[in-house]
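Working notes, beginning with the structure itself.
What follows draws every value from the coordinates through simple rules; no lab data is involved. From a predicted model like this one, the values you see are computed outputs, not experimental measurements. Neighbour counts run over all protein chains shown; Cβ positions are idealised from the backbone, glycine included.
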Amino acid sequence: MRAGQWAAVIEYFPSVRSVHVAAALSSGALFALRGLAMWRGSNLGMSAPVRWASYAIDTVLLAAAVTLAHALHLVPFVDRWLTTKIGLVTLYVVLGSLALKRAPTPAARRLSLGLALLAFLAVYLVARDHGAARWALAAGR
């Protein structure tokens, strides 16, 4: 990337970071509400408008994340905190899918919901302080 292009990307860093944080918190809050609806036996959390809102928020979240990683020259599997965060996000997505529809029993869905919310909290903590050392999934560290 040429110097002029770098300046153009970094100029928008605070705005993109704000969008990323807002989208992450919105995504987590909407997931928690969908999980609460599931817990109460309501299908509202799986209604088309709610699902599409979730998809839209998560798309913005991913786009902002990729933009930030590009602007800061972050590389998964090189930057440990980012690798940890990606692993935790993957765990959160799998547990969230189990919580909302894929787990075979209501008890399993509730357990998955709780574990997914814990995974979301872990993602937040790693993202906040980049402290991969405390959350590292790699053996030996």
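For the reader, a short list of remarks on this structure follows.
- Residues that are over 14 Å from the mean Cα position of the chain (by Cα), farther than 16 Å from ALA29 by Cβ and of a type in the set (A, V, I, L, M), drawn from the range 74-100: LEU74, VAL75, VAL78, LEU98
- ALA103 vs. criteria more than 17 Å from ARG17 (Cβ to Cβ), more than 16 Å from the chain's Cα centre (by Cα), without any contact (Cβ under 8 Å) to a residue 40 or more places away in the chain and surrounded by 18 or more Cβ atoms within 10 Å (Cβ to Cβ): yes
- In the range 40-57, the condition of being within 12 Å of the chain's Cα centre (by Cα) and aliphatic (A, V, I, L, M) is met by at least one residue.
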